[in-house]
Amino acid sequence: MKNIVVLVSGGGTNLQVLIDAQKSGVIKNGKIVCVISSNPNAYALERARKNNIKTRTLVRKDYPDSVEYSKDILKAIQEEKADLVVYAGFMTIIDELVVKAMPNKMINIHPSLIPSFCGKGYYGLHVHEEVLKRGVKVTGATAHFVNEVCDGGPIIIQKAVEVQNGDTPEILQKRVMEQAEWKILPKAVSLFCEDKIIVKDNKTEILD
């Protein structure tokens, strides 16, 4: 059974999806052992407590710089004996020292089909605003490993979502979450926990 640590900053809808997936058996051979928040008031912490999951809070402004902050994040991850770290709406930038200590052991969900609409500045509603501005007909979500390059890690799963007439960024964001993000994130986590992902040359092969 692999230990999963989830990093959060806000409401924790992605965390709830993972908790529900764990309860229903979608996530195999993995268990959420700790939720670490960068925000002491994040509702995600309440979601964790309601499900008897350990919580920890590390606030960025309590540290002089991102390196010192990242050292404590890494220390917490290691203390929880994490096999996998999942970004679930974690909005605080951490230093690459964490990624280097956990190569291909950190998963993020991005609300577009990487390599489109990704990288620095592409987060939250900004992604969907740019999608609509460009006029593409298909968008989606990508579950990927985290590396030193923003949204540049090996892609695990992608799922497409149609852009519809009359979409606003908010409407599109909701559809991408419901139809793509919330489906592929638990699946990617389970594939990792079942040892079904092989990474080679920044690409993944998914085993049957």
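Observations on the model:
- Number of Lys pairs (Cα under 18 Å; 8 or more positions apart or on different chains) in the range 50-98: 5
- A Förster radius of 41 Å combined with the Cβ-Cβ distance from ASN41 to ARG134 puts the calculated FRET efficiency at roughly 0.70.
- Protein heavy-atom accessible surface, 1.4 Å probe, per residue over the range 1-111: 46 Å².
- Förster-model FRET efficiency, 35 Å R0, GLU96 and ASN165, C-beta, rounded to 0.05: 0.25
- In this structure the amide hydrogen of ILE32, modeled in the peptide plane, comes within under 5 Å of the amide hydrogens of ILE4, none closer than 5 places in sequence on its chain.
- Projected label distance in nm at ARG49 and LYS61, using a 7 Å step from Cα toward the beta-carbon: 2.1 nm
- About the Cα centre, charge dipole magnitude for the range 31-87 (Lys/Arg +1, Asp/Glu -1 at Cβ), debye: 280 debye
- Full-stretch length increase - VAL149, LYS196 - with 0.36 nm per residue and alpha-carbon distance subtracted: 14.6 nm
- Charge dipole (debye, nearest 20) of the chain; +1 at Cβ of Lys and Arg, -1 at Cβ of Asp and Glu: 460 debye
- Per atom type, the range 1-107 shows carbon and sulfur on 48% of its accessible surface, probed at 1.4 Å.
- Alpha-carbon centroids, the range 135-166 and the range 1-70: separation in whole Å: 22 Å
- Vicinal HN-Hα couplings computed from phi for the range 81-96 (Karplus, 6.51 cos²θ - 1.76 cosθ + 1.60; Hz; Gly/Pro x): 6, 5, 8, 9, 10, 10, 7, 10, x, 8, 9, 9, 6, 10, 5, 5
- The packing ranking of peptides 79-86, 63-70, highest mean first, is 79-86, 63-70, where packing means the average number of other beta carbon atoms within 10 angstrom of each residue.
- The fraction of all Cα pairs in the chain landing in successive 5 Å bins from 0 to the largest distance is 1, 7, 16, 20, 21, 17, 11, 5, 1, 0, given as whole percents.
- Formal net charge of residues neighbouring VAL98 (Cβ-Cβ distance under 13 Å; K, R +1; D, E -1): -1
The values are calculated or read from the model by the stated rules, or taken from the named source; none is laboratory data. In this text, all values refer to a predicted model and were calculated from it rather than measured experimentally. We place every Cβ from the backbone using ideal geometry, glycine too, and count neighbours over all the protein chains shown. Remember, those area values only see protein heavy atoms, side chains included, never the ligands or the DNA or RNA. Shrake-Rupley method; radii C 1.70, N 1.55, O 1.52, S 1.80 Å.
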